[in-house]
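Structure first, then comments.
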Amino acid sequence: MRLRRVALEAVRQYPLPEGRLTFLAHGENTTFRFDDTAGRALVRVHRPERHGRAADAGIAIASEIAWLRAIRTDTDLAVPEVLRASDQRVVVEAEAAGVARMCSVLRWMDGRIHVDSARPVHLFRLGAAMAALHDHADAWTPPDWFRRIRWDHETFFGDVLVYGGIPAADCWDLLPAALRKRFGVVRDRMRDIMNAEEDVGLIHADPHLGNAVFRGVQVQLIDFDDCGIGPRIYDLAVALWELRDADDHVRYRDALVEGYRSVRDIDVTHLDDYIALRQVAFQLWHSGTAQVDPVFAAESEHIERWSLRMLDTIGR
């Protein structure tokens, strides 16, 4: 794998002992675990145009890292520690086998991920952590150069992003007609809802249970790669999204909202609408990525059926 060689070149720019690089996942970014005598780290090989066609990737990644460092300095929230390269950079460029990518390295966070074993208490703790994160964002003054994606109606439904090398607008043409029609209904409904949203600010934008690492009573938030400016309710929607068609989803929902409101208030009137929005965003990403990744392609029909079932569930 060429990106593995890129990751190895990136690691050489850090003051790390010799170690072993293990492939983890190839999604929005390609990630590797690096094990050495000093511990464990996460190596991220960032995908070009990850943050939109018009974004400066270096500034976008550095902005994410600036928020992570501020959270660690200003709060008790557990988020990844950013490692600096030997020349003190937090983002490096590495090249191997004719491929150049921007890379970053984070300290590994140990704990349990409860994607398949969640209980309401996990959602309560996640909700409280989310609220604390939003409180920090409201109190924090980012540096002047800070630039992150804006999660507005145009980003979700327009042509801002690129999925699998395909402009987002073209991904709609990859959908079956029935699904495309249903997504159009969500798009039209969300325009007024999002325009009227008042609680907007810096959000994680991907705080599902796969990005929450539990260690005792503490929840550690990881993978801030999607963070940007958006509706706070969207973070709650993402956390509930994969649980929305579960039989006991109401217990999860109540626990998440209760946890969040133990720290700050939030209007959840349109929570299901934002869950539907998340389903649209996920499906478009999956459909575009499936054009270049055979693993995603093999799941396409299953994911499309899930999207239809999810929208039916929310509509009831």
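Listed values, structure above:
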{"item": "Cβ-Cβ under 6 Å pairs, at least 6 apart or on other chains, region 245-261 side assigned by TED's automatic domain parsing to the domain that holds ILE303, far side not in a helix (DSSP H, G or I)", "result": "HIS249/LEU243; TYR252/LEU243; VAL257/VAL268; TYR260/ILE266"}
{"item": "Lone unmet requirement of (1) within 19 Å of ALA205 (Cβ to Cβ); (2) in a strand (DSSP E or B) for CYS103", "result": "(1)"}
{"item": "In region 273-302, the residues that are among the aliphatic types (A, V, I, L, M) and either in contact with an Asp or Glu (Cβ under 9 Å, 6 or more places away or on another chain) or surrounded by fewer than 17 Cβ atoms within 10 Å (Cβ to Cβ) (or both)", "result": "ALA290, VAL292, VAL295, ALA297, ALA298"}
{"item": "Residue in region 60-83 that is hydrophobic (A, V, I, L, M, F, W, C) and touching an Asp or Glu at 6+ places or on another chain (Cβ under 7 Å) present", "result": "no"}
{"item": "Answer from LEU277, LEU243, LEU284, LEU236 - the residue that is assigned to a loop (DSSP other than H, G, I, E, B) and within 27 Å of ASN29 (Cα to Cα)", "result": "LEU243"}
{"item": "Leading residue by the ranking (surrounded by the fewest Cβ atoms within 10 Å (Cβ to Cβ)) among those in region 156-173 that are assigned to a helix (DSSP H, G or I) and under 23 Å from the mean Cα position of the chain (by Cα)", "result": "ALA169"}
{"item": "Test: residue in region 76-98 that is touching a residue at least 12 places away in the same chain (Cβ under 8 Å), among the acidic types (Asp, Glu) and either in a helix (DSSP H, G or I) or in contact with a Leu (Cβ under 9 Å, 6 or more places away or on another chain) (or both)", "result": "yes"}
{"item": "Test result for HIS134, in the same structural domain as GLU242 (by TED's automatic domain parsing), out of contact with any Leu (no Cβ under 7 Å at 6 or more places or on another chain) and within 30 Å of GLU242 (Cα to Cα)", "result": "yes"}
{"item": "Region 22-75: number of residues that are in contact with a helix residue (DSSP H, G or I) (Cβ under 8 Å, 6 or more places away or on another chain), modelled with pLDDT of 90 or more and surrounded by fewer than 18 Cβ atoms within 10 Å (Cβ to Cβ)", "result": "3"}
{"item": "Selection from region 107-152 of residues that are under 26 Å from ARG89 (Cβ atoms), touching a helix residue (DSSP H, G or I) at 6+ places or on another chain (Cβ under 8 Å) and not in a helix (DSSP H, G or I)", "result": "TRP140, PRO142, PRO143, TRP145, PHE146, ARG147, ARG148, ILE149"}
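The values are calculated or read from the model by the stated rules, or taken from the named source; none is laboratory data. Since this is a predicted model, take the numbers as computed values, not measurements. Cβ: placed from backbone, ideal geometry, glycine included. Neighbour counts: every protein chain shown.
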